[in-house]
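In what follows, a single structure is set out as structure tokens and then discussed.
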Amino acid sequence: MRILVIEDDHLVADLMRQVLVDDGYTVDVAAAAEEGRQLVSAQAYDAIVLDLELPDRHGIQLLQDFRREGSTIPIVVATAHDSNADVVRALDAGADDYLPKPFANEVLAARVRAAVRRGGARSMEKVQVGDLTLHRVNHEVQCHGQLMNLTARQYALLEYLAMRAGETVRRSALLEHVWHLKFDPGSNVVDVHVAQLRKRLRDANSTVDIRTVRGEGYALDVN
């Protein structure tokens, strides 16, 4: 699952990102409203965490724009403003939740999980690929109705490939979105995890397999 944090305070944004990554999400960060808007137009998100005091425009305006344009992505407003009037204004503008700063890390994680569960047009709690069922909220995978025992990294790798089933996914994309690396460390970490995940799929007698696209990356296929 992928979350967008729109927050101009780099320290707060880094904290939010780490909390949500630790909770199993892939997280993008935008430091301004327009940057966030561009990311939303280019990428499907399961939820947005939105600050109100942004350098280029007020977060309420961005929130209203998202809703006017038909976006149903769950949006959690996280801001230092905590008056009743501020809360009402944000909720009336289309926010799904309101989280005053400062907040406990576990509360942020729980609020985002709740927003994702409530969902939106782009939020899929359950993904079916062949005989695999991915439960994206609790990070579980079933094959033929039986729970597969996957590590957190194996689940993240499988989910990223499953959301793009049949497409070739480059190693660089896997490094960025599964390992959160902006560069190739020059190791075989992707290949090792793909091999381990392939074995888990075969041990479960799944019809789903990971195909190597030589010189490019991998693709999840249903045989």
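Rule-based calculations on the coordinates, nothing more; no lab input. No experiment lies behind these values; they were computed from the predicted model shown. Cβ coordinates were reconstructed from backbone atoms using ideal geometry, including for glycine residues, and neighbour counts include every protein chain displayed.
The protection proxy used here, the mean number of other Cβ atoms lying within 10 Å of each residue, ranks peptides 85-93, 54-62 as follows, highest first: 54-62, 85-93.
Extension gain, ASN223 to GLU106, is 38.0 nm, computed as 0.36 nm per intervening residue step minus the present C-alpha separation.
Distance between the 7 Å Cα→Cβ label points at ARG153 and LYS199: 1.4 nm.
Can you tell me the 0 to 90 degree angle between the C-alpha axis of helix 59-68 and the longest principal axis of the chain, rounded to 10? Here the helix axis deviates by roughly 60 degrees. Note on the chain: antiparallel DSSP beta bridges, both residues inside, total approximately 55 percent of the bridges counted. Simple spin-label estimate for ASN84 and ASP209 gives 6.4 nm between the two label positions (7 Å along the Cα-to-Cβ direction from each Cα).
Thinking of the range 2-118 as a set of Cα atoms, what percent of all their pairs are more than 20 Å apart?
The calculated P(r) of the range 2-118 puts 32 percent of pairs beyond 20 Å.
Charge tally around ASP221: other residues with Cβ under 13 Å, Lys/Arg +1 each, Asp/Glu -1 each, net 0. On C-alpha positions alone, give me the angle between the axis of helix 189-203 and the longest principal axis of the chain, in degrees, nearest 10. Rounded to the nearest ten degrees, it is 70.
Of all the options PHE66, PHE103, PHE183, the one that moves most in a Gaussian network model of the chain with Cα springs shorter than 10 angstrom is PHE183.
The calculated FRET efficiency for the pair PHE183 and LEU91, based on their C-beta separation and a Förster distance of 45 Å, comes to about 0.65. Given +1 at the Cβ of Lys and Arg, -1 at the Cβ of Asp and Glu and no other charges, the dipole of the range 1-138 around its Cα centre is 540 debye to the nearest 20. When the chain is treated as a GNM with alpha-carbon contacts under 10 Å, the residue of VAL76, VAL192, VAL49 showing the greatest mean-square fluctuation is VAL192.
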